[in-house]
Amino acid sequence: MAAFGALAIINYNLSTQNFYFKVVAPQPPTPLSSLTATPTTAEVKLAVNFLIKYWHLNRTEFYGTINCESGFKYNAFAPNKYGGSYGVAQYIPGTFKSSCLGNYKSPKDQLICMAKMFQDGLQSNWDCYNLHFKK
């Protein structure tokens, strides 16, 4: 069990002899921030659900695309004409490098980038989206 503390910033005003306190409490970890480099599928699903809520994404499309692409497996690999797609979001290295920040093999970085791309209307970068959801 993690313990959380608080950071207190104290400002003493000499002219009025008043103390001012500003307390900044750290935020509890989220399913996304807690995601390790080798998460279970259950942990990936929790992170995906967090992103859906946080980014206000279409749950059916986002969750369904990830399920189809990788089955929520952080180390899924699919050979293709580009050398292969890797990870929970099935990025090819070139697309990740041009569209994302962070580590190509990081499930967290892949999910964050995928959520941002979905929010920006770039879902058609995923074959499973085009197959199941493109109108």
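The values are calculated or read from the model by the stated rules, or taken from the named source; none is laboratory data. These numbers were taken from a predicted model, which means no experiment stands behind them. Neighbour counts run over all protein chains shown; Cβ positions are idealised from the backbone, glycine included.
Summary of values
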quantity	calculated
The range 78-114: number of residues that are in a helix (DSSP H, G or I), small (G, A, S) and out of contact with any Lys or Arg (no Cβ under 9 Å at 6 or more places or on another chain)	2
Pairs, first at pLDDT 95 or above and among the basic types (K, R) in the range 50-64, second part of a helix (DSSP H, G or I) and surrounded by 15 or more Cβ atoms within 10 Å (Cβ to Cβ), C-beta under 6 Å, six or more apart	R59/I52
Residues that are assigned to a helix (DSSP H, G or I) and buried (at least 16 other Cβ atoms within 10 Å of the Cβ), drawn from the range 65-77	T65, I66, C68, E69, S70
Any hit, the range 78-89, residues being charged (D, E, K, R), modelled with pLDDT under 95 and either more than 17 Å from the chain's Cα centre (by Cα) or buried (at least 20 other Cβ atoms within 10 Å of the Cβ) (or both)	yes
Filter result for I66 (touching a Lys or Arg at 6+ places or on another chain (Cβ under 8 Å) and either on the phi < 0 side of the Ramachandran plot or not charged (D, E, K, R) (or both))	no
Exclusive hit being more than 23 Å from T36 (Cβ to Cβ), surrounded by 15 or more Cβ atoms within 10 Å (Cβ to Cβ) and within 19 Å of the chain's Cα centre (by Cα), set Y129, Y104	Y129
Residues located in the range 28-47, provided they are among the hydroxyl-bearing types (S, T, Y), under 13 Å from S106 (Cα atoms) and more than 11 Å from the chain's Cα centre (by Cα)	T36, T38
